[in-house]
Amino acid sequence: MQIETIGIVGAGLMGNGIAQVAAMSGLQVIMSDIKDEFVQRGLENITKILSRSVDKARMSVEEKDAILGRIKTTFDNKDMSAADFVVEAATENEPLKFQIFQDLDEICRPEVILATNTSSIPIGRIAAQTQRPEKVIGMHFMNPVPVMKLVEVIPGLATSDNTFKITWDLASKFGKTPVKANDYPAFIANRILMPMINEAIYCLYHDVGTRDDIDTVMKLGMNHPMGPLALADLIGLDTCLAIMKTLYDGFSDSKYRPCPLLRKYVEAGWLGRKVGKGFYEYD
């Protein structure tokens with residue numbers, strides 16, 4: 001299957017990152033979101049990152065302009081009818097993702113693969129919203145997408161071998177290292193990472209240590225590049241809570257129960273870096 005144009009549904013941090021690496025690999029990109037201002041904000045972020053690379057002499061102005069020239073923006077998902085492969089990168093909200101896949105199933109050509117960047121929702125559950133479950137797959141990128149090398153490729157029960165191979169090859173084309181994860185809640189990365197973050201929040205909740213002490217222990221004692229509370233802020237506390245809920249619901253195991261302090265922060269709107277306040281405060 002020849003993939004020349006890729007559609008990205010969602011122009012937020014993950015979506016615009018995927019759009020950037022796709023355009024850098026030479027593909028035409030259609031990036032959409034529900035409002036033009038969201039799409040323009042995503043494009044501005046891509047422009048800023050590419051301009052930084054120009055300033056550091058990592059690419060030329062001509063290369064930057066060529067990459068940006070391959071990205072088309074829209075706030076109408078009907079434009080995904082021109083895509084040869086689509087990646088959904090919307091908020092980690094199950095009903096929202098279900099609706100997007102129902103819409104894409106009607107809009108996109110029957111042979112088009114529909115991938116989801118979900119952090120935790122089982123692929124089979126998403127695939128069941130379509131008439132093409134054999135062409136639905138998980139393609140979980142890490143944040144920040146242009147920097148992080150890993151992509152989890154997650155086939156659902158009905159995903160065909162051909163769909164898996166095309167998706168695997170596409171991740172490699174993006175310069176990423178694909179890893180197969182089987183279709184269980186939160187897959188590999190977040191099944192390991194999120195309980196650690198949740199336990200760090202419990203340590204803060206139970207006053208085992210201060211915010212800074214907890215992060216310092218993990219950075220200096222475990223050689224992590226950043227502490228779990230700072231990482232939670234980077235991911236987004238609402239996303240962390242959504243993943244923990246998926247784990248808790250999926251396994252019915254108390255070890256996945258979201259910390260009450262995490263719920264409090266999300267309810268207060270303290271979602272992390274993206275809003276300027278989480279466990280830390282940001283400009």
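Just so it is clear, none of the values below were taken in a lab; they were calculated from the coordinates. Quick caveat: nothing in here was measured; it's all calculated off a predicted structure. Backbone-built Cβ (ideal geometry, glycine too); neighbour counts: all protein chains shown.
Points worth noting:
- When +1 charges are put on Lys and Arg Cβ atoms and -1 charges on Asp and Glu Cβ atoms, the dipole computed for the stretch 120-267 relative to its Cα centre reaches about 440 debye.
- Summing charges over all other residues whose Cβ lies under 14 Å from the Cβ of Asp212, with Lys and Arg as +1 and Asp and Glu as -1, gives -3.
- Once the Cα-Cα distance is subtracted from the 0.36 nm per residue extended length, the Ser81 to Met226 segment shows a gain of 48.1 nm.
- Helix content alone sets the calculated 222 nm mean residue ellipticity of the chain: runs of n ≥ 4 DSSP H residues at -39500 (n - 2.57) each, divided across all residues, give -14000 deg cm²/dmol.
- The chain: angle of helix 36-55 to the longest principal axis, Cα-based, in degrees nearest 10: 90 degrees
- Residues Val21, Val61 arranged by fewest to most Cβ contacts within 10 Å: Val61, Val21
- For Leu237, Leu262, Leu193, the sequence from fewest to most other C-beta atoms within 10 Å is Leu193, Leu262, Leu237.
- Diffusion constant of the chain at 10 °C, which comes from Stokes-Einstein with the Kirkwood Cα-pair radius and 1.306 mPa s, µm²/s: 81 µm²/s
- From least to most packed, judged by other beta carbons within 10 angstrom and beginning with the fewest, Ser32, Ser51, Ser60 follow the order Ser60, Ser51, Ser32.
- Environment charge at Ala158 (Cβ cut-off 14 Å; Lys +1, Arg +1, Asp -1, Glu -1): -1
- C-alpha long axis of helix 237-251 to longest principal axis of the chain, angle in °: 90 degrees
- Taking the C-alpha atoms only, the angle from helix 94-107 to the longest principal axis of the chain is near 0 degrees.
- Couplings 3J(HN,Hα) for the stretch 221-228, derived from phi with the Karplus relation 6.51 cos²θ - 1.76 cosθ + 1.60 (θ = phi - 60°), are x, 10, 6, 6, x, 8, x, x Hz, where x marks Gly and Pro.
- Cα-based convex hull volume of the stretch 191-274 per residue, rounded to whole Å³: 89 Å³
- Of the GluC sites (Glu not before Pro) in the stretch 93-146, the ones in a loop by DSSP (not H, G, I, E or B) with at most 14 other beta carbons within 10 Å are Glu111.
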